[in-house]
Amino acid sequence: MPDMNFGTLLRRWRGFRHLSQLALALEADISTRHLSCVETGRAQPSREMVVRLAEALQIPLRERNALLLAAGYAPLYRDTALDTPELEAAGQAMELLMAQLEPNPVLVLDRYWNILRINAGAKRFLALFSGCDSVTPLNGPRLAFHPQGLRPFIENWNVLAAHITRRVHREVADNPSDETLKRFLEELLSYPGVPSRWRTPDL
């Protein structure tokens with residue numbers, strides 16, 4: 001949604017959340033008239049107003065940056081990779097904690113459940129299942145759904161997989177502009193043996 005102005009983005013998010021202008025105005029503690037002017041572009045929102053509306057709509061932090069940019073303000077929320085020099089100390093603390101938890105398996109995941117770091121206990125656990133090394137990129141739900149991953153060894157796979165599917169559906173609903181999440185959901189639903197009814201969100 002890079003070419004949308006702030007008012008268009010705001011209306012879109014309000015639609016995603018199924019809120020009327022009155023409901024959003026009450027939640028954000030502003031007048032419906034002012035909200036209407038902001039949505040139509042007749043009024044320029046302050047930076048504080050953008051943040052307040054984003055809070056009221058429960059918009060994820062990454063998406064709030066897009067709203068701020070559309071309103072003409074610099075982003076507020078940073079997205080820093082674990083391997084950047086400024087997070088070196090945090091990374092070392094994480095490695096120490098993972099080592100202290102041996103022999104228990106420890107996985108560090110990102111927001112898409114990709115496995116970023118893994119300790120020796122987790123490596124030993126996954127090594128017990130020969131097909132797991134063919135599941136790439138290594139990812140929690142993907143390991144559970146992939147026929148060569150952990151799926152053949154999960155006795156109550158239908159229960160677990162249904163729970164995972166509901167969780168990913170919720171994430172997609174909460175992050176409607178995140179195409180990566182949508183593609184990931186489609187991937188999980190495309191694996192063999194996944195019931196077609198799981199395509200309908202059960203939130």
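Helix 88-100 axis versus longest C-alpha principal axis of the chain: approximately 40°, rounded to the nearest ten. According to the Cα-based calculation, Rg over Rh for the range 1-108 is 1.19, with Rh computed by the Kirkwood formula.
For the range 107-203, which GluC sites (Glu not before Pro) are in a loop by DSSP, counting at most 16 other Cβ atoms within 10 Å? The qualifying sites are E155. Stretching the chain fully between R52 and L128 yields a gain of 22.4 nm (0.36 nm per residue, less the alpha carbon separation). Computing FRET efficiency as 1/(1 + (r/R0)^6) for R33 and R183, where r is the C-beta to C-beta distance and R0 is 35 Å, gives about 0.30.
Database remark: amide H of L116 closer than 5 angstrom to the amide H of V108, L109, D110 (H placed geometrically; neighbours at sequence offset of 5 or more, or on other chains; Pro and chain starts carry no H). Of the trypsin sites (Lys or Arg not before Pro) in the range 20-82, the ones in a loop by DSSP (not H, G, I, E or B) with at most 14 other beta carbons within 10 Å are R42, R78. Rounded to the nearest 10 degrees, the inclination of helix 6-16 to the longest alpha-carbon principal axis of the chain is 60 degrees. Average projection, convex hull of the Cα set of the range 85-199: 8.5 square nanometres. Considering only the other residues whose Cβ falls under 15 Å of the Cβ of C132, what net charge follows from Lys and Arg at +1 and Asp and Glu at -1? Within the 15 Å Cβ shell, the charges total +3.
Computed about the Cα centre, the dipole magnitude for the range 28-137 is approximately 340 debye when only Lys and Arg (+1) and Asp and Glu (-1) carry charge, each at its Cβ. With the simple spin-label model, which puts each label point 7 Å out from Cα in the Cβ direction, the L19 to L82 separation comes to 3.3 nm. Coupling constants for the range 172-188 follow from the phi torsions by the Karplus curve (6.51 cos²θ - 1.76 cosθ + 1.60, θ = phi - 60°), and in residue order they are 5, 5, 7, 10, x, 9, 8, 5, 4, 5, 5, 5, 5, 4, 4, 4, 4 Hz; glycine and proline get x. Adding -39500 (n - 2.57) for every DSSP H run of four residues or longer, then dividing by how many residues the chain holds, sets the calculated 222 nm ellipticity at -15500 deg cm²/dmol.
Throughout, read-outs are computed from the coordinates displayed, never taken from laboratory work. Being a predicted model, the structure only gives us computed values, none of them experimental. Glycine also receives a Cβ, built like all others from the backbone with ideal geometry; neighbour counts cover every protein chain displayed.
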